[in-house]
Amino acid sequence: MTRTGFGRLLAAASISVLATAATADERPGNLWETTSQMSMPGMPAMRPQTMKVCTAKESRQPPPPPPGQTCTQTNVQQDGNKVTWTVACTGEMDMTGEGEVTYESDDSFTGKILFNAEGMTMTVNLTGKKIDECDKPIG
């Protein structure tokens, strides 16, 4: 598994979490700043990846997968401020996983995704904060 594959996985993880966020502001999207950091047993943690993503407020669908991957989110459940799901990806790297995000408020979340890929276990820790509204949401 390459660092490029890890980077794509981190980006997909951050974006997929945001697909569940929705509030009632005026513009069609929420601008989130998300940070994800992957770790694997026996290896040093990768550098955190921070990105800004504009998501549709009403979107409940996962965004497009990263290049080379086809991912399907299933069993998405929301219980209060917690969202859980399972994910299966095929393509450049086959992987399965389970994710959990807790929204501390409408403007921030923390969570993690546990992935199994090519006989390895990976944990992606997630944080995010809504920083603005935006006009061109994905998803």
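The values are calculated or read from the model by the stated rules, or taken from the named source; none is laboratory data. Because the structure is predicted, anything quoted here is derived from the model rather than measured. Note that each Cβ is placed from the backbone with ideal geometry, even for glycine, and that neighbours are counted across all protein chains shown.
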Identify all residues within segment 89-139 that are among the small types (Gly, Ala, Ser), touching a Gly at 6+ places or on another chain (Cβ under 9 Å) and under 22 Å from residue 53 (Cα atoms); write none if there are none.
99, 108, 111, 128
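Residues checked against (1) under 17 Å from residue 30 (Cα atoms); (2) among the aliphatic types (A, V, I, L, M):
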position: 74; (1), (2): no, no
position: 80; (1), (2): no, no
position: 92; (1), (2): no, no
position: 96; (1), (2): no, no
position: 103; (1), (2): yes, no
position: 113; (1), (2): no, yes
position: 116; (1), (2): no, no
position: 124; (1), (2): no, yes
position: 130; (1), (2): yes, no
One residue is enough: does segment 11-30 have a residue meeting the conditions modelled with pLDDT of 85 or more and surrounded by 17 or more Cβ atoms within 10 Å (Cβ to Cβ)?
yes
Would you please name the residue that is farthest from the chain's Cα centre (by Cα), looking only at residues in segment 55-85 that are hydrophobic (A, V, I, L, M, F, W, C) and modelled with pLDDT under 85?
56
Failed item in (1) farther than 23 Å from residue 26 by Cβ; (2) assigned to a strand (DSSP E or B); (3) at pLDDT 90 or above; (4) of a type outside the set (Phe, Trp, Tyr), with residue 47 passing the rest:
(2)
